[in-house]
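Scroll down for the structure; my scribbles are underneath it.
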Amino acid sequence: MAATQGINVTKGDFARAPFKTQRPPFLADDPNAFAIFMPDESMMPRFDAGDILYVSPARNVEGAKRDVVIDRNGRGFVIGSLLSATSSGDRSATFSPQSRTTFERDKILGPYRIVGVQRLDG
């Protein structure tokens, strides 16, 4: 997601975000929470065009197959399902392109848990 380059979630710097929206009530007290708009169908069937993904860096990502946003340290985000996490890296099944990838821990700032989805298609 190249449009997300230059956003610093850990510092709460969203000045370069292409869109802004209000935080839903369940994220009102999370200053680093953010949303990602799905602009197209590239992540179907998991996420549809028009969906808004609500993400919280403060929430725990432990558990089976948590949907996450991988923050590639200023190089944009990748969305996927966290398969496993170790001290050296996070193994994820990415949605677009569909693949299984290990992200080295020293090259990423996330994963951040997707905590809600708003469907805009009715």
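The values are calculated or read from the model by the stated rules, or taken from the named source; none is laboratory data. As the structure is a computational prediction, the values presented were derived from the model and not from experiment. Ideal geometry is used to build each Cβ from the backbone, glycine not excepted, and the neighbour counts take in all protein chains shown. With ligands, DNA and RNA removed, areas are computed over all heavy atoms of the protein, side chains included. Shrake-Rupley method; radii C 1.70, N 1.55, O 1.52, S 1.80 Å.
Kindly provide the set of residues from region 90-122 that are of a type in the set (K, R) and either open to solvent by less than 50 Å² (accessible area, probe 1.4 Å) or under 18 Å from M38 (Cβ atoms) (or both), ordered by number. It would help to see each step written out before you state the result.
Pass one, region 90-122, residues of a type in the set (K, R): 91, 100, 105, 107, 113, 119.
Across region 90-122, the qualifying residues are R113, R119.
Residues being part of a strand (DSSP E or B) and without any contact (Cβ under 8 Å) to a residue 40 or more places away in the chain: count how many of those fall in region 97-122. It would help to see each step written out before you state the result.
Of the residues in region 97-122, the ones part of a strand (DSSP E or B) are 98-104, 112-118.
Restricting the remaining residues to those that are without any contact (Cβ under 8 Å) to a residue 40 or more places away in the chain gives 98-104.
Of the residues in that region, 7 qualify.
How many residues are out of contact with any Asp or Glu (no Cβ under 9 Å at 6 or more places or on another chain) and open to solvent by 10 Å² or more (accessible area, probe 1.4 Å) if we restrict to region 74-89?
Of the residues in region 74-89, the ones out of contact with any Asp or Glu (no Cβ under 9 Å at 6 or more places or on another chain) are 74-76, 86-87.
Add one more test, that the residue is open to solvent by 10 Å² or more (accessible area, probe 1.4 Å), and what stays is 74-75, 86-87.
So the answer is 4.
Of D48, D67, which residue is open to solvent by less than 80 Å² (accessible area, probe 1.4 Å), touching a Leu at 6+ places or on another chain (Cβ under 9 Å) and assigned to a strand (DSSP E or B)? Spell out the reasoning first.
Values: D48 fails: assigned to a strand (DSSP E or B).
Matching residue, one of D48, D67: D67.
Take the conditions out of contact with any helix residue (DSSP H, G or I) (no Cβ under 7 Å at 6 or more places or on another chain) and either outside any loop (DSSP other than H, G, I, E, B) or farther than 16 Å from I36 by Cβ (or both) and apply them to S87. Does it pass? Full working, then the answer.
On the way: out of contact with any helix residue (DSSP H, G or I) (no Cβ under 7 Å at 6 or more places or on another chain): no; either outside any loop (DSSP other than H, G, I, E, B) or farther than 16 Å from I36 by Cβ (or both): yes.
Spelling it out, it is not the case that S87 is out of contact with any helix residue (DSSP H, G or I) (no Cβ under 7 Å at 6 or more places or on another chain) and either outside any loop (DSSP other than H, G, I, E, B) or farther than 16 Å from I36 by Cβ (or both).
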